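The values are calculated or read from the model by the stated rules, or taken from the named source; none is laboratory data. Just so we're clear, the structure is a prediction, and the values are computed from it rather than from any experiment. Note that each Cβ is placed from the backbone with ideal geometry, even for glycine, and that neighbours are counted across all protein chains shown. Just the protein is used for accessible areas: all its heavy atoms, side chains included, with ligands, DNA and RNA removed. Shrake-Rupley method; radii C 1.70, N 1.55, O 1.52, S 1.80 Å.
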Amino acid sequence: MTDETPRFTLVLGGARSGKSHYAEELIKRLPAPWTYIATAEALDEEMRQRIAHHRDRRDEQWQTLDAPLTLAETIPTLAGPTLIDCLTLWLSNMMFAERDIDAETERLIAAIARGNHRAPIVAVSNEVGMGLVPETALGRAFRDAQGRLNQRMAAAADRVVFVAAGLPLILK
């Protein structure tokens with residue numbers, strides 16, 4: 001970890017804001033190898049294409065670990081700079097698995113804070129509270145849970161960056 005690289009950075013932004021690309025560039029400033037923790041599951045063709053697009057941006061210096069439900073357990077096993085992409089899909093996975101979101105979030109924050117992983121961690125998450133109010137109860141529950149997750153992760157983070165139109169704005 002360099003003096004100018006915080007231990008834990010949260011990168012927030014809307015859909016197609018450039019947040020994942022920005023987060024990848026933060027990690028690539030650090031010595032390789034880098035770890036990419038993927039939380040997405042390829043459940044349909046559109047998601048397979050999204051995953052492929054993200055994979056195509058990464059070269060052989062990246063190791064990819066899939067952790068759609070096991071993020072807190074995966075973090076202590078890491079050694080180098082790590083990108084978590086993304087907390088939004090992780091939250092969705094947790095909700096569909098009917099997990100206790102508050103307890104899982106606490107486990108995740110504790111895993112990041114524990115200090116077993118000394119290299120920087122950059123986590124990506126969607127800011128979903130700036131758009132229309134979702135039409136369904138499930139959509140509103142997800143939006144609210146995402147807002148609470150982002151607040152808790154931001155409080156735990158050393159740096160928080162909001163990305164819009166590919167441009168970063170340092171919030172913390």
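Classified by the C-alpha gyration tensor, the stretch 56-116 has an oblate form. Its axis ratio a/c, with a ≥ b ≥ c, is 1.5 or above, and a/b does not exceed b/c. Largest GNM mean-square fluctuation across Ala113, Ala72, Ala97, computed for the chain with C-alpha springs under 10 Å, falls on Ala97. Taking θ as phi - 60° and the Karplus parameters 6.51, -1.76 and 1.60, the scalar couplings of the stretch 139-145 work out to x, 5, 5, 5, 4, 5, 5 Hz in sequence order, x denoting glycine and proline. In a Gaussian network model over the chain where Cα atoms closer than 10 Å are linked, find which of Glu41, Glu60, Glu25 has the largest mean-square fluctuation. Answer for the Gaussian network model of the chain: Glu60. Sorted from largest to smallest, which semi-axis lengths in Å does the alpha carbon gyration tensor of the stretch 93-132 give for its equivalent ellipsoid, taking the root of 5 times each eigenvalue? Taking √(5λ) for each eigenvalue gives 23, 17, 8 Å, largest first.
Positive end of the dipole of the chain (Cβ unit charges, origin at the Cα centre): among Ala154, Pro134, Leu171, the Cα lying farthest that way belongs to Leu171. For the peptides 147-158, 127-138, residues were scored by their other Cβ atoms within 10 Å and the scores averaged per peptide; the highest-first order is 147-158, 127-138. Backbone amide hydrogens, once placed in the peptide plane, bring Thr35 within less than 5 Å of Gln63, Thr82, Leu83, excluding anything fewer than 5 places away on its chain.
For the stretch 1-70, the gyration tensor built on C-alpha atoms gives a prolate shape. Its axis ratio a/c (a ≥ b ≥ c) is at least 1.5, and a/b is the larger of a/b and b/c.
The tail of the calculated P(r) for the chain, taken as Cα-Cα distances beyond 22 Å, holds 40 percent of the pairs. For the chain, with all protein chains in place and a probe radius of 1.4 Å, 54% of the accessible heavy-atom surface sits on carbon or sulfur.
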